[in-house]
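Undergrad: A single structure is presented below for examination.
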Amino acid sequence: APVLSVADEARDVLDEPAIIAPWHQDFFDIPFTSLAVRSLTARPTRFVAMVELFGAPEGASFVRRVVAQLSARGVAALGGIPLDRQRAQTGDPAETMQLLRCVRHAVNKRRENVVVYPHGGWTTAADAPINEGALVMSRLSRSPIVAVGIAGTAGLAHSPASLRQRHIAVRIHSVLHP
């Protein structure tokens, strides 16, 4: 059975909305992050998600459109905030401003946590570069960043049946104040 461990220092900081920045190794990190945060606070939590999860591209096959619809419903249920990574990486100010407005509204007006994966995607590299998005979101919303470590999920999306044989550990720690 998956194990969830939580650092004491995170309990107090989640009394207020926070930018939650987990390590991201697999699709299954999303539900485990959600469970970990939910174990600490009843505050709603939204996820910044790649725009591709919100629908199928034009001309996509029927199967791709069906999968996209299911994915879009799941992302919407988690309060997904869309991010077009290609536009953001090219420095598109409209994409960046839209994302920051959504995050600031969620944190400051709705008093919700926002999860953003700081590496911009899945990685198992210990020295993977970290994008500055979480820091910018923290500064603009004046909320702390809560770092989250996840172990045991790498490769799980390719072998979901192995979940019963795995030990999943989620550790919430390293609170950084703006």
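The values are calculated or read from the model by the stated rules, or taken from the named source; none is laboratory data. If you're wondering where the values come from, they're calculated on a predicted model, not measured in any experiment. Please note: Cβ atoms are built from the backbone with ideal geometry, for glycine as well, and neighbour counts cover all protein chains shown. To get the accessible areas, we keep the full protein, side chains included, count just its heavy atoms, and leave off ligands, DNA and RNA. Shrake-Rupley method; radii C 1.70, N 1.55, O 1.52, S 1.80 Å.
Undergrad: For the stretch 97-123, give me each residue that is surrounded by fewer than 21 Cβ atoms within 10 Å (Cβ to Cβ) and modelled with pLDDT of 85 or more.
TA: Matches in the stretch 97-123: M97, Q98, L100, R101, C102, R104, H105, N108, K109, R110, R111, E112.
Undergrad: Could you list, in sequence order, the residues of the stretch 34-49 that are touching an Asp or Glu at 6+ places or on another chain (Cβ under 9 Å) and surrounded by fewer than 17 Cβ atoms within 10 Å (Cβ to Cβ)?
TA: Scanning the stretch 34-49 gives R43, P44.
Undergrad: Restricted to the stretch 147-166, and to residues that are of a type in the set (A, V, I, L, M), out of contact with any strand residue (DSSP E or B) (no Cβ under 8 Å at 6 or more places or on another chain) and open to solvent by less than 60 Å² (accessible area, probe 1.4 Å), which residue is modelled with the highest pLDDT?
TA: Once the filter is applied, the top-ranked residue is A154.
Undergrad: Sort out which residues of the stretch 128-142 are under 17 Å from W23 (Cβ atoms) and open to solvent by 70 Å² or more (accessible area, probe 1.4 Å), and write them in order of number.
TA: Across the stretch 128-142, the qualifying residues are P129, I130, N131, E132, L135.
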